[in-house]
1. Taking TYR54, is it touching a Pro at 6+ places or on another chain (Cβ under 7 Å), at pLDDT 95 or above and either closer than 22 Å to ALA16 by Cβ or open to solvent by 20 Å² or more (accessible area, probe 1.4 Å) (or both)?
2. Go through the range 1-42 residue by residue and tally those that are open to solvent by less than 30 Å² (accessible area, probe 1.4 Å) and of a type in the set (Phe, Trp, Tyr).
3. Pairs needed: first member in the range 97-118, under 12 Å from LYS53 (Cα atoms); second member anywhere, part of a strand (DSSP E or B) and modelled with pLDDT under 80; C-beta distance under 7 Å; at least 6 residues apart or different chains.
4. Identify, by number, the condition in (1) in a helix (DSSP H, G or I); (2) open to solvent by 40 Å² or more (accessible area, probe 1.4 Å) that SER76 doesn't meet.
5. Take the range 84-104 and flag every residue that is part of a strand (DSSP E or B) and open to solvent by 40 Å² or more (accessible area, probe 1.4 Å).
Amino acid sequence: MNKRAVGTAYERQAGAFLSEQGYEILQYNYRCAQGEIDIIAREGGYLVFVEVKYRRDPGSGAPAEAVNQKKQRAISRTALYYCLSHGYGETTPCRFDVVAALGDGMRVIKNAFEYTGA
């Protein structure tokens, strides 16, 4: 299986995991000129932008560590564009979460980073 297919499979598993945690999945793989967001959801009054990171084993590093500042900026720009193009105003509470998948386990890191400015 290629990396794209593996990523898609883990994004779907992460979506199911988040649904079990009470998230309402709005969209998978949102893409625009600014970038891509793996999952967009609602949870607890928040519009949540979720990055899914997978590592086969701990020797490759922690999955969440892969969401560096460059990736955070790209996600932030994409989230801003999503909000503007989908009618969400400045008062919409938003959050950036990361789902870390390591082997067979998953965990969600809520509010993993702040909006970094577009």
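The values are calculated or read from the model by the stated rules, or taken from the named source; none is laboratory data. The shown structure was predicted, so the numbers you read here are calculated from the model rather than taken from an experiment. Backbone-built Cβ (ideal geometry, glycine too); neighbour counts: all protein chains shown. The area values use the complete protein model at the heavy-atom level, side chains included, leaving out ligands, DNA and RNA. Shrake-Rupley method; radii C 1.70, N 1.55, O 1.52, S 1.80 Å.
1. Details: touching a Pro at 6+ places or on another chain (Cβ under 7 Å): yes; at pLDDT 95 or above: no; either closer than 22 Å to ALA16 by Cβ or open to solvent by 20 Å² or more (accessible area, probe 1.4 Å) (or both): yes.
In short, no.
2. 2
3. Pairs found: LEU102/ARG55.
4. Against the list (1) in a helix (DSSP H, G or I); (2) open to solvent by 40 Å² or more (accessible area, probe 1.4 Å), SER76 comes up short only on (2).
5. CYS94, LEU102 - these are the residues of the range 84-104 that are part of a strand (DSSP E or B) and open to solvent by 40 Å² or more (accessible area, probe 1.4 Å).
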